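All remarks here apply to the structure that follows.
The values are calculated or read from the model by the stated rules, or taken from the named source; none is laboratory data. In this text, all values refer to a predicted model and were calculated from it rather than measured experimentally. Here the Cβ is made from the backbone with ideal geometry for all residues, glycine too, and neighbour counts use every protein chain on show. Ligands, DNA and RNA are excluded from the accessible area calculation, which covers all protein heavy atoms including side chains. Shrake-Rupley method; radii C 1.70, N 1.55, O 1.52, S 1.80 Å.
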Amino acid sequence: MQNQTIVRTERGLVIAGTRITIYQLMESLKADQPPSLIKDLFRLTDEQMDGVLRYIAEHQTEVEQEYQEVLKNAERNRAYWEERNRERFLAISKLPPSPGKEALHAKLKKRKSELGMP
């Protein structure tokens, strides 16, 4: 019997009738979050969640390989945009606080200091 819950689209493996990819659920599943919590977080039905878990169990190697590729692509994209916007972020960080928000910026600076952040 074929799993009707998961379909392949240009976005990858997607829960039928949604825009939710199976890869979005993988992070929570790998963190050992209970399926009931994941189901509620993504607003899935019991049938959808059961279908996802069944699909992953039946195609574990394929899903894991695709998930690792998704993670690599996400890291490449993050690095690209971080580098591309590095100068912009630096310029923004040197701007003075917006008028009327000095107290908020001072509070934020203090909190960052307490957390050991630059």
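Carbon-plus-sulfur fraction of the accessible area of the chain, 1.4 Å probe, in percent? Display every interim value, and only then the final one.
Working: 5110 of 9370 Å².
Within the chain, the accessible surface is 54 percent carbon and sulfur.
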The answer for A16, listing residues at least 5 apart or on another chain whose modeled amide H is closer than 5 Å to its amide H, is I6, V7
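Taking a probe of 1.4 Å, how large is the accessible area per residue of the chain, in Å²?
Per residue, the chain has 79 Å² of solvent-accessible surface.
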For F42, the residues 5 or more places away or on another chain with a placed amide H closer than 5 Å to its own amide H are none
At the level of C-alpha centres, the distance separating region 13-38 and region 83-118, in angstrom, is 35
Between E10 and K101, the two model label points (7 Å from Cα along the beta-carbon direction) sit apart by a distance in nm of 3.7
Under the Karplus relation with 6.51, -1.76 and 1.60 and θ = phi - 60°, whole-Hz ³J(HN,Hα) for region 35-46, x at Gly and Pro, equal x, 5, 5, 4, 4, 5, 4, 9, 6, 9, 7, 4
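Filter the trypsin sites (Lys or Arg not before Pro) in region 46-106 down to the DSSP loop ones having no more than 13 other Cβ atoms within 10 Å, then list what survives. If you can, show how the numbers build up before the last one.
Values: sites: R54, K72, R76, R78, R84, R86, R88, K94, K101; in loops: K94, K101.
Counting only loop positions with at most 13 other Cβ atoms within 10 Å, the trypsin sites (Lys or Arg not before Pro) in region 46-106 are K94, K101.
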Options (1) 13, 46, 30, 9, 3, 0; (2) 14, 39, 24, 14, 6, 3, 0; (3) 11, 29, 20, 19, 17, 3, 0 are given for P(r) over Cα pairs in 10 Å bins from 0, in percent, and the computed one is (3)
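Using helices alone, what [θ] at 222 nm do you get for the chain, with -39,500 (n - 2.57) per DSSP H run of 4 or more residues, divided over all residues and rounded to the nearest 500? Spell out each step's value before the answer.
Details: 6 runs with 75 residues, N = 118.
Helix contribution divided over all residues of the chain: -20000 deg cm²/dmol.
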Taking R0 as 25 Å and r as the Cβ-Cβ distance between A74 and L115, the FRET efficiency 1/(1 + (r/R0)^6), rounded to the nearest 0.05, comes to 0.45
Scalar couplings 3J(HN,Hα) for region 64-79 by Karplus 6.51 cos²θ - 1.76 cosθ + 1.60 (θ = phi - 60°), nearest whole Hz, x for Gly and Pro, are 5, 5, 5, 4, 4, 5, 4, 4, 5, 5, 5, 5, 4, 5, 4, 5
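Using 0.36 nm per residue of separation minus the Cα-Cα distance, give me the extension gain between R86 and E47 in nm, one decimal. Working shown, then result.
Working: separation 39, 0.36 × 39 = 14.04 nm, distance 4.46 nm.
Value of the extension gain: 9.6 nm.
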